[in-house]
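Beneath this line is the structure, given in structure tokens, with notes to follow.
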């Protein structure tokens, strides 16, 4: 299973399939353009890595997906089940409606009874089959002593079918089979939309998780390396971490020297030195030299997973959010029951006729049944999340949009969120010409991110590399070489003999000259400045909380235009700050990517994380940015506001229909024709209104 | 009106056939990749002969 984020057209399908089929050992390959995936069937000898390389060579970005994580069978089956029920109810509704037209247009006597009987024959089995999700949910709610939307639905369906059957047996005038089955159909449509939104978000989130296939290089006692799954590692094992690789476990360095990027874990932008005896944590990235690490904790015991406890505590605070739909249901369900019972009792006292009273009760329940209400929220969320998905934002939670619309305070993390985590050199013009050329030559000899950024910056400024010979990289320290008979070095302050400043910097030493400082600044993530400006323009309070050092954070905040800054924050402090903001009455939107943000993401009213974030951070947040840019955040806030407004409008529309039709029903003037018209037109208006989401 | 006795069963029967075909299509996975299928029809790979 491969992920192909870049494909978009017929040519891509052909290209990918041809490239895969041309690879020896591949039996079958099929691209799914909707999911942007390719399923490949191949001999055992073919690895996913070979295939991704084949595709990269053919010009398509490809990643391996872990099929185990993608096992979506349960959700899939549920979706298919709902679809089947929807199809059956639609079929039954159309047929019953057709038969009802004859009754509405004045069929009498035997013909009307025949129509009613045929309707009953179609509607009763269909209602029993299609309404099952509602009956199950209503029953479990009643067992728990609660009322939910499904209770009036179930009651309306059962009562409508029951009284209609009774009427039919006694050659009555009114039968509500069409209304009962139409109710089922519209409500199932709402359920299905709701399910699809959640399922597609879930599968995309799973895809992100499946992208990280956790593997480690284990060293056996005889020195041979083998690739194993991280789950198979046990404390005491020795693993090798290549430069550029992520450390898979908590452990202690036994051999090798390197530098570690701890940005995702702590928010520090400056790489730290690692040598024998140093403790390392899962999630850190090894930069320069190979490291051998003795495992002290693996899998669920690592620091990465211990953060989960913090997250669980933080999430408990958020669970008491009641969505708009729940608020509506709370008012609605008891109201409907009281109304229909009151109508039935009133008519019984007035006419002393149980049959009329029950008919009226059924009519009231059908008219008030939350057909439009059931569609009001899912239709809007489907429209809005589809819109945002195309802009590159994935919504993981159904109520996330509502919560986002309420947010008035935005808290950003710095490293990896507003910045890309990579640095760029500043003040290159101040370097003497010779120094710049030597620095370029040295920087090209290293794969360290600072060196790569420096090399890119210098060649971009038009410098040519000087003729430096004997280039050697000293892992954990820097690069050394010889230039015009002098030893030249580029690397860490301590190694060069310079005083370490508070900011990110690298140092250059030419022979015995004084060290030259080359300062770095964080690279802004694409769209970061625009998002901050847009959010401020919308009148939101914008804060920056980072685990990085104070000078670095302050300088960055000044550059991007954020006034309120918290630096050197520990993970728990971040969560506390967010909680304190919420307690002060703010609705906090947290945007962060690191492990140190995870608790804060969970504590916030609503949270967003970029796709580059750690798995833990992504699963703690409500929305995930799929692309590199932060720009969709501003769009998302606008869309969330507009969809929240549409949801409210939809509720209003549904209520207005009810207010108009209920007096008719209570007065006993509601014929099956009026019920069908009111129900269909309100559902239609609500769905059309949902499409107006911007 | 007697004709209704024939027409209603016939229409129901035809409707059921449609429903059955829909189920068959869902089972066969014909709705799994709507976007891809829309593009696939435009490519020339299998214009001359069907895929084996």
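Taken together, the values in this text are just the output of simple stated rules run on the coordinates, not laboratory data. Keep in mind that what you see is a predicted model, and the values were worked out from it rather than measured. We place every Cβ from the backbone using ideal geometry, glycine too, and count neighbours over all the protein chains shown.
Using a 10 Å cut-off on Cβ to Cβ distances, tally the other chain neighbours for every residue of B:36-42 and report the average as a whole number.
Mean shielding count: 6.
Based on the Kirkwood radius over alpha-carbon pairs, what value in µm²/s does the Stokes-Einstein equation return for the translational diffusion coefficient of the stretch A:568-678 at 10 °C and 1.306 mPa s? All intermediate terms of the calculation are to be shown ahead of the outcome.
Numbers: Rh = 17.2 Å.
Reported coefficient: 92 µm²/s.
By DSSP, what percent of the beta bridges with both residues in chain A are antiparallel, rounded to the nearest 5?
Expressed as a percentage, antiparallel bridges in chain A total about 80.
Which whole number gives the average, over all residues in A:655-668, of C-beta atoms from other chains lying within 10 Å of the residue C-beta? Walk me through the intermediate numbers first.
On the way: counts 0, 0, 0, 0, 0, 0, 0, 0, 0, 0, 0, 0, 0, 0.
Mean inter-chain Cβ contacts per residue within 10 Å come to 0.
Need one number: nm distance between label points at residue B:44 and residue A:142, each 7 Å from Cα along Cα→Cβ, rounded to one decimal.
6.6 nm
Would you mind giving the mean number of other chain beta-carbons within 10 Å of the Cβ of each residue in B:24-33, as a whole number? Show your work: numbers first, answer last.
On the way: counts 0, 0, 4, 2, 0, 1, 0, 3, 4, 8.
Counting other chains' Cβ atoms within 10 Å and averaging over B:24-33 gives 2.
Just rank A:116, A:174, fewest to most, by other beta-carbon atoms within 10 angstrom. Walk me through the numbers on the way to the answer.
Working: A:116 26, A:174 18.
The fewest-first ordering by Cβ neighbours comes to A:174, A:116.
For the stretch A:343-365 and the stretch A:414-467, what is the centre-to-centre distance using only Cα atoms, to the nearest Å?
So the two Cα centres are separated by 84 Å.
Which of rounded, prolate or oblate describes the stretch A:444-603 when judged by the alpha-carbon gyration tensor and an a/c cut-off of 1.5? Intermediate results must be reported in sequence, preceding the final value.
On the way: a/c = 3.13, a/b = 2.38, b/c = 1.31.
Because a/c hits 1.5 or more and a/b exceeds b/c, the stretch A:444-603 counts as prolate.
Normalised by the number of residues in chain A, what is the relative contact order in percent for Cα pairs under 8 Å and 6+ residues apart?
Reported as a whole number, the value is 13 percent.
Grab the DSSP H runs of chain A that are 4 residues or longer, score each as -39,500 (n - 2.57), total them, divide by all residues and round the 222 nm result to the nearest 500 deg cm²/dmol. List each step's numbers first, then the result.
On the way: 23 runs with 360 residues, N = 694.
Value at 222 nm, helices only: -17000 deg cm²/dmol.
Taking the Cα of residue A:1, stepping 7 Å toward and past its beta carbon, and measuring to each backbone N in the stretch A:596-634: which are under 18 Å?
A:615, A:619
Measuring from label point to label point, each 7 Å out along Cα→Cβ, what is the residue A:433 to residue A:228 span in nm?
5.8 nm
In what sequence do A:629, B:11, A:546 fall when counting other Cβ within 10 Å, fewest first? List each step's numbers first, then the result.
Working: A:629 17, B:11 13, A:546 32.
Least crowded to most crowded, the residues run B:11, A:629, A:546.
For the peptides A:563-569, A:279-285, what is the packing order when you average, over each peptide's residues, the other Cβ atoms within 10 Å and list the highest mean first? The partial results should precede the final answer.
Working: A:563-569: 16.3, A:279-285: 21.1.
For the peptides A:563-569, A:279-285, the packing ranking is A:279-285, A:563-569.
Please give, to one decimal in nm, the separation of the simple spin-label points placed at residue A:391 and residue A:50, each 7 Å out from Cα toward the Cβ.
So the two model labels end up 4.4 nm from each other.
Could you calculate the contour length gain from residue A:677 to residue A:128, that is, 0.36 nm times the residue separation minus the distance between their Cα atoms, to one decimal place in nm?
Here the answer is 195.3 nm.
Hey, what's the Kirkwood Rh for the protein assembly as shown if you take every pair of different alpha carbons, in angstrom?
Values: mean 1/r = 0.0331 Å⁻¹.
Evaluated on the protein assembly as shown, it is 30.2 Å.
Say R0 is 45 Å: what FRET efficiency, to the nearest 0.05, do residue A:41 and residue A:341 get from their beta-carbon distance?
Working: r = 61 Å, r/R0 = 1.36.
The calculated FRET efficiency here is 0.15.
Quick check on the stretch A:442-503: take the gyration tensor over C-alpha atoms, sort the square-rooted eigenvalues as a ≥ b ≥ c, and tell me if it's rounded (a/c under 1.5), prolate or oblate. Kindly include the intermediate steps, with their values, before the conclusion.
Working: a/c = 1.65, a/b = 1.13, b/c = 1.47.
In terms of gyration-tensor shape, oblate.
If you average the alpha carbon positions of the stretch A:183-198 and of the stretch A:603-655, how far apart do those two centres end up, in angstrom?
Here the answer is 21 Å between Cα centres.
How big is the stretch A:611-665 by Rg and Dmax over its Cα atoms, in Å?
So, for the stretch A:611-665, Rg and Dmax equal 19.0, 58 Å respectively.
Got a sec? How would A:671, A:258, A:229 order by Cβ neighbour count within 10 Å, fewest to most? Don't skip to the end; give the middle numbers.
Numbers: A:671 16, A:258 24, A:229 13.
Starting with the residue having the fewest Cβ neighbours, the order is A:229, A:671, A:258.
Is the shape of chain B best called rounded, prolate or oblate, per the rule: a/c under 1.5 gives rounded, else a/b larger than b/c gives prolate, else oblate, with a ≥ b ≥ c the square roots of the Cα gyration tensor eigenvalues?
Details: a/c = 3.96, a/b = 2.88, b/c = 1.37.
Since a/c reaches 1.5 and a/b is larger than b/c, the shape of chain B is classed as prolate.
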